[in-house]
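**Q** Would you mind keeping the following structure in view while I ask a few things?
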Amino acid sequence: MDALTRIETELRSRLGPAVQGLSSPQPGRLFVDVERRALRPAAKALIDLGARYMVGIGWDEIARNGTIGLAHTFAFDADHVAVVLRAAAPAGDPSFESITPDIPSAGWSEREYQDLLGLTFTGHPKPKRLVLADDWPAGVYPLRKEVPYNLEPPAAEDVAYRLDEAPPGTTVVPIGPFHLSLHEPEHFAVYVDGETIKGCDYRGFMTHRGIEKLCQTQVSYNEVPFVAERICGICGSVHACCYSQAVEAAAGLKISRRAEYIRTIMLEIERLHSHLLWLGIAGHLIGFDTVFMQAWRVREKVMWLAERITGNRKTYGMIVIGGVRRDITPEIRAGIEDVLAALEKEVLELKRAIIGDSAIHRRTKGVGYLSKEEAVRWSLVGPVARARGLRLDVRKDHPYAAYDDMAFDVPVADSGDVWGTLVVRVLEIFESISILRQALAGMPAGPLLIEAPEALPPLRHGLSMVEAPRGESVHYVITGEENRPERWRVRAPTYPNLQAVPQMLLDNQFADFPIILGQIDPCFSCTDRVAVIDAGSGRRRILGRTELEALSRGPEAGRSRS
Amino acid sequence: MLAKIARKCFPRSLWVYHCNSGACNGCDIEILNILTPYYDVERFGIKLVGSPRHADVMLLSGAVTRPTLPLVRKAYAAMPGPKLVFGVGSCAAGGGCWFDTYNVSGGGAKAVPVDYIIPGCPPRPEAIIFGVALALGLVDKKAAPVEMKQVEFPIDMYERNKAWEERNVIYKVLNT
């Protein structure tokens, strides 16, 4: 019995007639329509079968049939299957039963749609605002169709975010929105007892730029990849590739093999530069600036290479729906091979220096520990999960582009701490170099772009996953009627990983906060793409470091012991 | 003129505060990149500092989002005068491709007075260094008037492709 049949039988036997429809339009994808009341039991059934929660997607269909849709996506990595559970609620009563009590990593997805679509989730353990600012007027849901994309409500005074109740006897240390260890505006409130972290509340989504709404209302299919690249300046072509694949899957397009190889090359070049970047930043965060300088010096070669291939150091603009825009010519191929040879030598030296360095060992071993079971519970992805002994890699589990032709290892560490993520990332650099060599050697001839039909079929659903340097990116596309996606949902790897950071911080030293957060290689701009933020707490505290006085919220909670 | 004033106001090392008001990280890593061995701005005395209270210059990257608008203003107010603000990248210049969405207020000028703009998406590290050096009067301006450059567009592909030209109003204006 293959995996699809097994999942189908299990769902039908558990839910009976609540399963309204079941289809598998693309290989390895199962779309299940369930009744609204059956969403939670269905999600529970999938988790019991061993699924990993990916992301929730909400969309507005009020104008079409008076409902708001909600989908939860799950991955069966060992079976190479992804399942989409879809349900709909009438616009007059847009409530669902929360699945967060069963699946903690669904918490943010549900809070996001509470903000953006006005859905309500009964039984959600923390139904606070996530994406929209606290001074955003109630009742205005930006992802609903009737709300124009450029409606910007005026700021309101005196609306502050209510931090979580601090554990008794702790002091609150605000970090951010602008802070040395965060290169993006985000706000963490860390509850400390002396030097030990006892808890953390996160108020982020300050770089929410409304990209999903923008692309659903203003631009056309083939302009979206360029906006998608600007979701994140580091893993831009991951987003462009993932979006293109989702549209291709929804519309049933098959691109040429050569284009798939070129996509693979671009994604691996991006991984090379991103991992070297992370290595440098990690060194910087633990106060070892030599690593920062050396890693970035080595990385510069990759940037020049990217410029030679695409004309830009970042935001390559290579990947569009139907293929790629530029070819890898024989001259460029020789250039790539030279760079790879030089890079391999230098990274090897860097690796030797890092692996044996006792300062790095002491700052990273046992820091930010999370067990394998917790990692499964929080649906961690990418190097953060692989450092916890989970062999998760979309390139192996759900092959895309040309990865089915590549032979490579997935480095896994079981130390469960920052050291593990460092080792995994360093080893992945060598795997990337090997994949690049294989891709260059095995690249078949063929066209770069295929002719797409004049209009793509509307209202088809497509799901695509790509292994970004930080983990799995998920894009969900519903094709639309006006030459643009009806709904486009982006989930970056930081989205699930960041939800587990409060767990990782528990009982660690406050001084390790930057590197514990840094181990997930946080990319807030990816995570926040659609959303807004907290002016309240931010307005009070701009400089975490220089204003380390206790953030006292009341005589009983604000007692300082330090 | 401004360069002269800048030279007078900032005669010694320049301490720079990097403020990300909602960027995609592209400009931010290029700003970090100028510290690293290939570009090494510290040889010009330019140093990145962690607090606006220590800074002479603010490098503003990214579109100013609705929630960060008051925060950027507050960071600017914390800087001691005389101070300069550089908008790095297209987003800081005018808001970028999402300049008018529901959560973006616009370019850096919406929040603070931006003195110089370094264009690019993201600008190259060389461009950032050049921009700062230009503002300080360390180098001369190398830009030619825009219309001269446009008329002498050297790629004849565009000349052949009349349809392309007709779609672009600027060429129509220049050719008549």
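**Q** Right, residue A:138: over 24 Å from the mean Cα position of the chain (by Cα), more than 14 Å from every other protein chain (Cβ to nearest Cβ) and among the aliphatic types (A, V, I, L, M) or not?
**A** When the stated conditions are applied, residue A:138 passes them.
**Q** Please work out which residue is nearest to residue B:66 (Cα to Cα), limiting yourself to the range A:211-228 and to residues that are more than 10 Å from chain B (Cβ to nearest Cβ) and among the polar types (S, T, N, Q).
**A** Across the range A:211-228, the extreme among qualifying residues is A:216.
**Q** Would you mind telling me which numbered condition in (1) closer than 17 Å to residue A:502 by Cα; (2) of a type in the set (Asp, Glu); (3) assigned to a helix (DSSP H, G or I) residue A:165 fails?
**A** (3)
**Q** Has the range B:104-116 got at least one residue that is outside any helix (DSSP H, G or I) and within 9 Å of chain A (Cβ to nearest Cβ)?
**A** yes
**Q** Still on this structure, I have one more. Which one is nearest to residue A:379 (Cα to Cα) among residues in the range A:1-52 that are basic (Lys, Arg) and surrounded by fewer than 18 Cβ atoms within 10 Å (Cβ to Cβ)?
**A** Filtering the range A:1-52 for residues that are basic (Lys, Arg) and surrounded by fewer than 18 Cβ atoms within 10 Å (Cβ to Cβ), the one nearest to residue A:379 (Cα to Cα) comes out as A:44.
**Q** Can you tell me which residue within the range A:308-324, out of those that are touching a Phe, Trp or Tyr at 6+ places or on another chain (Cβ under 9 Å) and on the phi < 0 side of the Ramachandran plot, is surrounded by the fewest Cβ atoms within 10 Å (Cβ to Cβ)?
**A** Among those that are touching a Phe, Trp or Tyr at 6+ places or on another chain (Cβ under 9 Å) and on the phi < 0 side of the Ramachandran plot, it is A:310.
**Q** Does the range A:291-309 hold any residues that are more than 9 Å from every other protein chain (Cβ to nearest Cβ), over 25 Å from the mean Cα position of the chain (by Cα) and over 13 Å from residue B:125 (Cα atoms), and which are they?
**A** Of everything in the range A:291-309, those that are more than 9 Å from every other protein chain (Cβ to nearest Cβ), over 25 Å from the mean Cα position of the chain (by Cα) and over 13 Å from residue B:125 (Cα atoms) turn out to be A:291, A:298, A:301, A:305, A:308, A:309.
**Q** Out of (1) buried (at least 17 other Cβ atoms within 10 Å of the Cβ); (2) over 16 Å from residue B:101 (Cα atoms), the odd one out for residue A:136 is which?
**A** (2)
**Q** Which helices (runs of 4 or more DSSP H) sit wholly inside the range A:353-410 and have at least 2 residues that are touching a residue at least 40 places away in the same chain (Cβ under 8 Å) and within 15 Å of residue A:467 (Cβ to Cβ)?
**A** Helices (runs of 4 or more DSSP H) meeting the threshold: A:382-386, A:394-397.
**Q** Could I ask something else about it? I'm checking my understanding of the structure. Among residues of the range A:402-426 that are crowded, with 19+ Cβ neighbours inside 10 Å and over 26 Å from residue A:50 (Cα atoms), which one is farthest from the chain's Cα centre (by Cα)?
**A** Among those residues, the one meeting the criterion is A:406.
**Q** What number of residues within the range A:198-214 are farther than 18 Å from residue A:144 by Cβ and either hydrophobic (A, V, I, L, M, F, W, C) or assigned to a strand (DSSP E or B) (or both)?
**A** Counting residues in the range A:198-214 that are farther than 18 Å from residue A:144 by Cβ and either hydrophobic (A, V, I, L, M, F, W, C) or assigned to a strand (DSSP E or B) (or both) gives 8.
**Q** Now a separate question. Report every pair of residues separated by at least 6 positions or lying on different chains whose Cβ atoms are under 8 Å apart, first residue within the range B:63-89 and more than 7 Å from chain A (Cβ to nearest Cβ), second buried (at least 20 other Cβ atoms within 10 Å of the Cβ) and among the acidic types (Asp, Glu).
**A** So the pair list comes out as B:79/B:56; B:82/B:56; B:83/B:56; B:84/B:56; B:88/B:30.
**Q** Would it be correct to say that residue B:97 is hydrophobic (A, V, I, L, M, F, W, C), crowded, with 19+ Cβ neighbours inside 10 Å and part of a helix (DSSP H, G or I)?
**A** yes
**Q** Anything in the range A:427-437 that is among the hydroxyl-bearing types (Ser, Thr, Tyr) and over 21 Å from the mean Cα position of the chain (by Cα)? List them, or say none.
**A** If the condition is that a residue be among the hydroxyl-bearing types (Ser, Thr, Tyr) and over 21 Å from the mean Cα position of the chain (by Cα), then A:434 is the only one that fits.
**Q** Mind checking which residues of the range A:215-225 are assigned to a helix (DSSP H, G or I) and β-branched (Val, Ile, Thr)?
**A** Result: A:217, A:224.
**Q** So, in the range B:1-29, of the ones that are assigned to a helix (DSSP H, G or I) and touching a Gly at 6+ places or on another chain (Cβ under 8 Å), which residue ends up nearest to the other protein chains (Cβ to nearest Cβ)?
**A** Out of the qualifying residues, it is B:26.
**Q** Can you list the helices (runs of 4 or more DSSP H) lying wholly within the range A:464-562 that have 1 or more residues being at pLDDT 85 or above?
**A** Ranges flagged: A:494-499, A:501-505, A:513-518.
**Q** For the range A:46-75, what are the residues that are hydrophobic (A, V, I, L, M, F, W, C) and either closer than 22 Å to residue A:108 by Cβ or assigned by TED's automatic domain parsing to the domain that holds residue A:495 (or both)?
**A** Answer for the range A:46-75, where residues must be hydrophobic (A, V, I, L, M, F, W, C) and either closer than 22 Å to residue A:108 by Cβ or assigned by TED's automatic domain parsing to the domain that holds residue A:495 (or both): A:46, A:47, A:51, A:54, A:55, A:57, A:59, A:68, A:70, A:71, A:74, A:75.
**Q** Among the numbered conditions (1) at pLDDT 90 or above; (2) among the charged types (D, E, K, R); (3) closer than 30 Å to residue A:367 by Cβ, tell me where residue A:258 comes up short.
**A** (3)
**Q** With the requirement that a residue be assigned to a loop (DSSP other than H, G, I, E, B), within 14 Å of another protein chain (Cβ to nearest Cβ) and surrounded by fewer than 24 Cβ atoms within 10 Å (Cβ to Cβ), what does the range A:235-271 give you?
**A** If the condition is that a residue be assigned to a loop (DSSP other than H, G, I, E, B), within 14 Å of another protein chain (Cβ to nearest Cβ) and surrounded by fewer than 24 Cβ atoms within 10 Å (Cβ to Cβ), then no residue fits.
**Q** Would you be able to say whether some residue in the range A:432-455 is touching a helix residue (DSSP H, G or I) at 6+ places or on another chain (Cβ under 8 Å) and among the acidic types (Asp, Glu)?
**A** No, the range A:432-455 has no match at all.
**Q** Looking at A:442, A:462, which one is over 23 Å from residue A:522 (Cβ atoms) and surrounded by 18 or more Cβ atoms within 10 Å (Cβ to Cβ)?
**A** Only one candidate passes the filter, namely A:462.
The values are calculated or read from the model by the stated rules, or taken from the named source; none is laboratory data. What you see is a predicted model; the values in this text were computed from it and never measured. Positions of Cβ are backbone-derived with ideal geometry, glycine not excepted, and every protein chain shown enters the neighbour counts.
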